[in-house]
Amino acid sequence: MKRKKWLLFLILLLAVVVFPFFFSRNSSYLSVIEANWELTFPEDARWKLLYQADSGPSPHGDGWRYHVYAYEQEEVAASMLPWSRETGKTVFQESYSLAAETWLNAIQVPQEERPDYDACLVWFSSQHDNSQILIFRDPQKKTVYIAENFL
């Protein structure tokens, strides 16, 4: 009888200690971004969600999503993507910042939650269906701003 109680206690202890650690990374929206865009957000950067907004549920999964994450390790964040200071064209807009502003306006993101484009490095990608992602990284604030447009 004592053995069963001890075993039950051990199982509960493992569940309380291990499960939240495993679940916290897998439940983060970063893992969704990684899957959708074939990216990797290295865990040792220590990402912390600061803000999020989206255009709401959609039967086809289309719409806008926006997430702001702080990180602790600049070197790790700096090496995760080929960042650029260039402001290239997106699928439908003449510049990255214009595209981001269009998307963020559509979901009514407050100005204080938007990136300072002049201070940021940027990375852009699109998919075959013209869905797009823009990631702005502000090295001074150690913050990334992730804007997605799903079509």
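Worth pointing out:
- Taken together, the residues in the range 106-151 that are at positive phi and either touching a residue at least 60 places away in the same chain (Cβ under 8 Å) or of a type in the set (Asp, Glu) (or both) amount to 1.
- In the range 53-64 there is at least one residue that is out of contact with any helix residue (DSSP H, G or I) (no Cβ under 9 Å at 6 or more places or on another chain), assigned to a strand (DSSP E or B), of a type in the set (Asp, Glu) and more than 17 Å from ASP138 (Cβ to Cβ).
- Hey, TYR117 crowded, with 17+ Cβ neighbours inside 10 Å, more than 21 Å from ARG46 (Cβ to Cβ), hydroxyl-bearing (Ser, Thr, Tyr) and touching a strand residue (DSSP E or B) at 6+ places or on another chain (Cβ under 8 Å) or not: yes
- Search result, residues across the range 138-151 that are among the charged types (D, E, K, R), farther than 14 Å from LEU30 by Cβ and crowded, with 20+ Cβ neighbours inside 10 Å: none
- Here TRP103 fulfils each of the conditions (1) outside any helix (DSSP H, G or I); (2) within 30 Å of ASP44 (Cβ to Cβ) apart from (1).
- Scanning the range 85-97 for residues that are within 17 Å of THR143 (Cβ to Cβ) and either surrounded by fewer than 18 Cβ atoms within 10 Å (Cβ to Cβ) or in contact with an Asp or Glu (Cβ under 6 Å, 6 or more places away or on another chain) (or both) yields one hit, ARG85.
- Residues that are within 18 Å of the chain's Cα centre (by Cα) and either part of a strand (DSSP E or B) or among the polar types (S, T, N, Q) (or both), drawn from the range 85-100: SER97
- Among the residues of the range 106-119, those that are within 25 Å of GLU74 (Cα to Cα), touching a helix residue (DSSP H, G or I) at 6+ places or on another chain (Cβ under 9 Å) and assigned to a loop (DSSP other than H, G, I, E, B) comprise ARG114, PRO115.
Every number here is computed from the coordinates shown, using simple stated rules; none is lab data. Worth saying up front: this structure is predicted, and the values here are computed from it rather than measured. When we count neighbours, we look across all protein chains shown, and the Cβ atoms used for this are built from the backbone with ideal geometry, even at glycine.
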